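The values are calculated or read from the model by the stated rules, or taken from the named source; none is laboratory data. Note that the structure is predicted; figures quoted are calculated from it, not measured. Because the Cβ atoms are built from the backbone with ideal geometry, glycine has one as well, and the counts that use them run over all protein chains shown.
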Amino acid sequence: MIVAHRGASYDAPENTLAAFRLAWEKQADAIEGDFYLTSDNQIACIHDRTTKRVAPGQPELNVAEVTLDELRKLDVGRWKNAKYVGEKIPTLAEVLETVPEGKQIFVEIKCGPEILPVLKQQLAESLLKPGQIVIICFSTDVIAQSRAMMPQYRANWLTSYKQDEKLNRWKPSLDQVLSTLKKTRATGIGTNGNLNVVNQSFADGIRSAGLEFHIWTVNNVDHARQFRSLGADSITTDRPAFIRKGLLQ
């Protein structure tokens, strides 16, 4: 399964409706978007804690401290390309509405569990079936509470790795990953595509625990082929059409 990272973000401004619509045009199987709770309890689609990177030259806003209306005054398209001038920060509801029948959305929570009651309501109000929605987050608290509050949705814990150069080991280890997945009752892992860690024994360990196995963010075709050979359930990429074409060759 090919997941479009923040939409087709290689070509279009990340986390905008333009990027998500382009992802569907490029035949992505799913989209991934990032979501924060605003000060007025709305859910906005943006990756960073502030608007600085995606709205250069405009007032820098802290997403959690402002209203949705304040965020929507910013242009988050023109930094990418002049043809995207006027793109606004979308809401979760707007992003959900783009998801076609049979396709999926990976909802990455970038804030804390305070978003979950609002998320639960908005997901329930959408027209999507539970099988089309996957909650993902680096926070173990968010994943654990998501599973408790919304067991109808899959929820995958995200992780990357750091190398302990003295011990020549990467952390977290497979045992630590499996322990975290069990503790949070996650349905799977979304792992950074680090080939130093994610090998056959890693994949086998995840699979033997009965868990899903997803990879992010891969823009190299050779790497994508390696992860496919390990049996990854999905590969998240900024370039969905490019990676799919490479995997078909």
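The figures follow:
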{"quantity": "Selection count where residues are of a type in the set (A, V, I, L, M, F, W, C) and more than 19 Å from the chain's Cα centre (by Cα), scope segment 211-241", "calculated": "2"}
{"quantity": "Meets criteria (at pLDDT 95 or above, touching a helix residue (DSSP H, G or I) at 6+ places or on another chain (Cβ under 9 Å) and on the phi > 0 side of the Ramachandran plot) for R49", "calculated": "no"}
{"quantity": "Test: residue in segment 2-15 that is β-branched (V, I, T), closer than 18 Å to V134 by Cβ, at pLDDT 95 or above and surrounded by fewer than 24 Cβ atoms within 10 Å (Cβ to Cβ)", "calculated": "yes"}
{"quantity": "Lone unmet requirement of (1) within 14 Å of the chain's Cα centre (by Cα); (2) farther than 17 Å from S9 by Cβ; (3) in a loop (DSSP other than H, G, I, E, B) for L96", "calculated": "(3)"}
{"quantity": "Pair list, Cβ under 8 Å, 6 or more apart: segment 67-82 residue of a type outside the set (G, A, S), other residue not in a loop (DSSP other than H, G, I, E, B)", "calculated": "L68/A44; L68/T91; L71/A44; L71/V63; R78/Y84"}
{"quantity": "Hits in segment 128-155 - residues which are free of Cβ contacts under 8 Å to residues at least 40 places away in the same chain, assigned to a strand (DSSP E or B) and either at positive phi or not aliphatic (A, V, I, L, M) (or both)", "calculated": "C137"}
{"quantity": "Residue count, segment 194-249 (criterion: hydrophobic (A, V, I, L, M, F, W, C), in contact with an Asp or Glu (Cβ under 9 Å, 6 or more places away or on another chain) and part of a helix (DSSP H, G or I))", "calculated": "2"}
{"quantity": "Qualifying residue in segment 156-172 (condition: modelled with pLDDT of 95 or more, part of a helix (DSSP H, G or I) and surrounded by 20 or more Cβ atoms within 10 Å (Cβ to Cβ))", "calculated": "no"}
{"quantity": "Candidates G188, G210 - the one that is touching a helix residue (DSSP H, G or I) at 6+ places or on another chain (Cβ under 8 Å) and either surrounded by fewer than 21 Cβ atoms within 10 Å (Cβ to Cβ) or not hydrophobic (A, V, I, L, M, F, W, C) (or both)", "calculated": "G188"}
{"quantity": "Of residues in segment 62-73 being in contact with a strand residue (DSSP E or B) (Cβ under 9 Å, 6 or more places away or on another chain) and in a helix (DSSP H, G or I), the one farthest from H47 (Cα to Cα)", "calculated": "L68"}
{"quantity": "Residues of segment 6-47 satisfying the condition of being under 19 Å from D69 (Cβ atoms), out of contact with any Pro (no Cβ under 7 Å at 6 or more places or on another chain) and not hydrophobic (A, V, I, L, M, F, W, C)", "calculated": "N15, Y36, T38, S39, D40, N41, Q42"}
{"quantity": "Of residues in segment 16-29 being under 23 Å from R72 (Cα atoms) and free of Cβ contacts under 8 Å to residues at least 60 places away in the same chain, the one surrounded by the fewest Cβ atoms within 10 Å (Cβ to Cβ)", "calculated": "L22"}
{"quantity": "Single match in A12, A18, A44 (criterion: in contact with a Phe, Trp or Tyr (Cβ under 7 Å, 6 or more places away or on another chain), part of a loop (DSSP other than H, G, I, E, B) and hydrophobic (A, V, I, L, M, F, W, C))", "calculated": "A12"}
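Conditions (1) more than 20 Å from M149 (Cβ to Cβ); (2) of a type outside the set (V, I, T); (3) assigned to a strand (DSSP E or B); (4) touching an Asp or Glu at 6+ places or on another chain (Cβ under 9 Å), marked per residue:
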site: V54; (1), (2), (3), (4): yes, no, no, yes
site: G57; (1), (2), (3), (4): yes, yes, no, no
site: E60; (1), (2), (3), (4): yes, yes, no, no
site: D75; (1), (2), (3), (4): yes, yes, no, yes
site: K80; (1), (2), (3), (4): yes, yes, no, yes
site: G86; (1), (2), (3), (4): yes, yes, no, yes
site: V107; (1), (2), (3), (4): no, no, yes, yes
site: E114; (1), (2), (3), (4): no, yes, no, no
site: A124; (1), (2), (3), (4): no, yes, no, no
